Amino acid sequence: MSGKGTLAAALAACLLLAASAWAAPSEDRILALDQYTTDKGRRLATAHGRALRALNAEIYHCMPWVEVQKSSIGFFRPKHIASDSRYLSVRIYVEQDPSPAFAALRVEERASAMFSRYVGALLRRMNEDAALAGDPALDGYTVILEWLKQMPRAQGERPVHETIAVFVDKALALEYLGRRRSITDVAAHAKVRGFDGEAGLGDLRLAAWDDNFVSTYKVANYQVEAGVTCR
Amino acid sequence: MEAAANLRREGVPAMRIDRIGLLLIGAALVATTGCATGEEWATWRGHSSHFASGSHMGFSVRNREGTQARVTRQDIQVARDQNWWGKPITVSQEQILER
């Protein structure tokens, strides 16, 4: 092949590489193995790495209006639990325009709306791999949701996020996924901690309801990458 | 004259290769912009997020006339990056979870 032919081939290869990179979510959303502080967490992450990558990819492609936080997918220990209980966890930022109607709600009402919209949908996606759900080392699930509470109102100000951390033990999650519990039951029995910016709000009592937003909402004109199927 | 003719003859394949290179570079540019014009991107950037109510996210990239409108995952990421409001005040992961 001539030098110029090689150049053309190299450019074509670059295009293909760029296209494949754009089609894949960044793996930095998944906690790296060397970041686990116990063998139990590391073992789970090693055994179920494919499930973690599948979860990352499904959220990336099929819920494009949310953003998974870096190093937030993995088997973490909830801080309020003393033993080394390992919960499959994910933290997402829900992107939405500031809405006066939404802002006027009480914090519990905003949290309930977000819980209803996302917790059930994410629990289902976190349980697509039967081997993961069946692993006795897995103790539960953590879903962390955050959204914009307040935009910067002056130069130099920073936006403020509101956050809920939802902890669902494995038995409760599996009963919900097996349709023996409603999402209202899950909200009633799960531990939910609220945060306003960096400040803790303590445990929140939420009233959740079925919300099929995630399965029905479509971003206008959005086309998933070839080979990706969203349910 | 013969030397000049040889130069022209030699220049023909070189120009073809240059055109191939230009086509590839052009394709790369088209791919990176998602086939949208500047005006279309302005429309896109103006509607890059959504309301909690559900009437939201008018991701309305209008591609060139006669082509099917198309928003890719990469388009969304680009718009999100451009609309970044700065580092938010939010709870750290370490306040909630242990690694």
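The trypsin sites (Lys or Arg not before Pro) found in the stretch A:106-135 that occupy coil by DSSP, while having at most 12 further C-beta atoms within 10 Å, are A:ARG106.
Given the stretch A:74-198, what percent of its DSSP beta bridges are antiparallel, to the nearest 5? Show your work: numbers first, answer last.
Numbers: 19 of 28 bridges.
The answer is about 70 percent antiparallel.
The share of Cα pairs per 10 Å bin across chain A, counted from zero up to the longest distance, runs 7, 29, 33, 19, 7, 3, 1, 0 percent. As a rough guide to protection, the peptides A:186-199, A:31-44, A:149-162 ranked by mean Cβ packing within 10 Å, highest first, stand as A:186-199, A:31-44, A:149-162.
Within 13 Å, Cβ to Cβ, of A:GLU58, how many net charges do the neighbouring residues add up to if Lys/Arg are +1 and Asp/Glu are -1?
Working: positive: A:ARG29, A:ARG50, A:ARG53, A:ARG124, A:ARG125, A:ARG231, B:ARG73; negative: A:GLU128, A:ASP129, A:GLU225.
Local net charge: +4.
Can you sort B:TRP85, A:TRP65 by how many other beta carbons sit within 10 Å, fewest first?
Numbers: B:TRP85 11, A:TRP65 21.
In increasing order of surrounding Cβ atoms, one gets B:TRP85, A:TRP65.
Taking the number of Cβ atoms within 10 Å of each Cβ as an exposure proxy, the fewest-first ranking of A:SER89, A:SER99 is A:SER99, A:SER89.
Counting only other residues whose beta carbon sits under 15 Å from that of A:ALA188, what net charge do I get with K and R as +1, D and E as -1?
-2
DSSP finds beta bridges in chain A, and of those with both partners inside it, around 70 percent are antiparallel. With R₀ fixed at 30 Å, the C-beta to C-beta distance from A:ARG124 to A:GLN155 puts the FRET efficiency at about 0.10.
Summing Lys and Arg as +1 and Asp and Glu as -1 over all other residues whose Cβ lies under 13 Å from the Cβ of A:LEU138 gives a net charge of 0. Each helix, a run of at least 4 DSSP H residues, gives -39500 (n - 2.57); summed and divided by the residues of chain A, these come to -11500 deg cm²/dmol at 222 nm. Taking Cα atoms only, the orientation of helix A:49-62 departs from the longest principal axis of chain A by about 90 degrees.
Where a number appears in this text, it was derived from the coordinates with a stated rule and is not lab data. Quantities reported herein were computed from a predicted structural model and do not represent experimental measurements. Ideal geometry is used to build each Cβ from the backbone, glycine not excepted, and the neighbour counts take in all protein chains shown.
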